[in-house]
1. Looking at the chain, do any whole DSSP H helices span at least 24 angstrom along their long axis by alpha carbon and average -1.0 or above on Kyte-Doolittle, and which?
2. Rounded to the nearest 5, what is the percent of antiparallel bridges among the DSSP beta bridges in the stretch 152-306?
3. Considering only DSSP beta bridges where both residues belong to the chain, give the percentage that are antiparallel (nearest 5).
4. Using Cα pairs under 8 angstrom and six or more residues apart, how large is the relative contact order of the stretch 152-306, in percent?
5. I'd like the trypsin sites (Lys or Arg not before Pro) in the stretch 24-71 restricted to DSSP loop residues with at most 11 other Cβ atoms within 10 Å, sorted by number.
6. How large is the charge dipole for the chain, taken about the Cα centre, if only the Cβ atoms of Lys, Arg (+1) and Asp, Glu (-1) carry charge, to the nearest 20 debye?
7. Within the stretch 76-171, what percent of beta bridges assigned by DSSP are antiparallel, to the nearest 5?
8. Calculate one ³J(HN,Hα) per residue across the stretch 80-86 by plugging θ = phi - 60° into the Karplus curve 6.51 cos²θ - 1.76 cosθ + 1.60, and present them in order as whole Hz with x for glycine and proline.
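Derivation of every value follows stated rules applied to the coordinates shown; laboratory data play no part. Just so it is clear, the model here is predicted, and its values are computed rather than measured. Virtual Cβ from ideal backbone geometry, glycine too; neighbours counted across all protein chains shown.
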Amino acid sequence: MAQADRFTIREPRFRDAKALVAISQEAFSAEQAVFGSDVRQATRRARLMTLIYPIQRRLPRPSAMALVGLVGDRPVGLVTAEPHGPTWYISMVMVSGDHRRRGYGRVLVEAMCERARNAGAVRAVLHMREDNRPAYGLYSSLGFRDFERAHRMLIENPVAAEQSPMPEGYTLVRHSRYDRRTLAIRDACREPQARELAGASRMPGLLERTVGFFVRPADDQRLAIIHRGVWVGFFLYLQESRLEAAGMLVAVLPEHRDRGLERPLLVRGLARAARAGAERVTLSVLSTNTALLQACEALGFTTRFVFVGMTRSLESD
């Protein structure tokens, strides 16, 4: 193989940002066709990340790791991961269309798993679209195994549905962006196996906080669900850009599900989206969360994608 055609891996640099955004537009075109895409904001976010990455990379507990794959000096792929103690979450794997089926994705994932193993991690976790059979085949051949499924649901042209009152004894209170109480709620809302595999959630690190400071969302709302003075869940409405779908997150502790909380929270989000002129609203729902799935379907949400959670042990490699 000529030197100019050799596949190499290194950490990201500022000059990679534009090329990596172009690859993401192609690699995730199906998702972006459904949920929208703001190339300008994505490029700005990528440039900020490549500037801050070397700084946070040297912290005792870096919150993000990334490796860029190159052919010659041209970026053709990327893998990113979020270290969470013994678990590393592989958040993105992508290869440009004209360089697929050459084993580059495999090399990138293996390189990140090796980095995780060297850092003391015992497992890697990722999520992928269930209908992406080539990716599923790749991850399966690398030793990843299924552990959960989540529905990515969507409603188009949302309208303000009839308001539903919160059940008696429940109230909503605004909370700050980085309120640590959301972490315990988020973890408790996971399935037992997912909690064990993913480990405890933690606050966004330097990279995410800095990017979040400079790239503000078009609209957001954060509410705690309170019952008898205690947090039992939280609600998030977020629209990063007017060109993208608004997103909702409804996190309710298992023992408080199916008590009539789901519909009022969803209706609140739909009303906000309608006022803001959002064309689409999306949220992710675990396949085991039947109360939220049923509330979504009753309001007109449909499943556009199913994402599969997969995990791989790094100890026996």
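1. Qualifying helices, which must be both long enough and hydrophobic enough, are 39-57.
2. Within the stretch 152-306, antiparallel bridges account for around 90 percent of the total.
3. Bridges in the chain are about 90 percent antiparallel.
4. Relative contact order here is 36 percent.
5. Numbers: sites: ARG40, ARG44, ARG45, ARG47, ARG57, ARG58; in loops: ARG58.
Here the trypsin sites (Lys or Arg not before Pro) that fit, given the DSSP loop and packing criteria, are ARG58.
6. Taking the Cα centre of the chain as origin, the dipole is about 940 debye.
7. Numbers: 8 of 12 bridges.
Bridges in the stretch 76-171 are about 65 percent antiparallel.
8. For the stretch 80-86, the Karplus-derived couplings read 10, 8, 10, x, 10, x, x Hz, x marking Gly and Pro.
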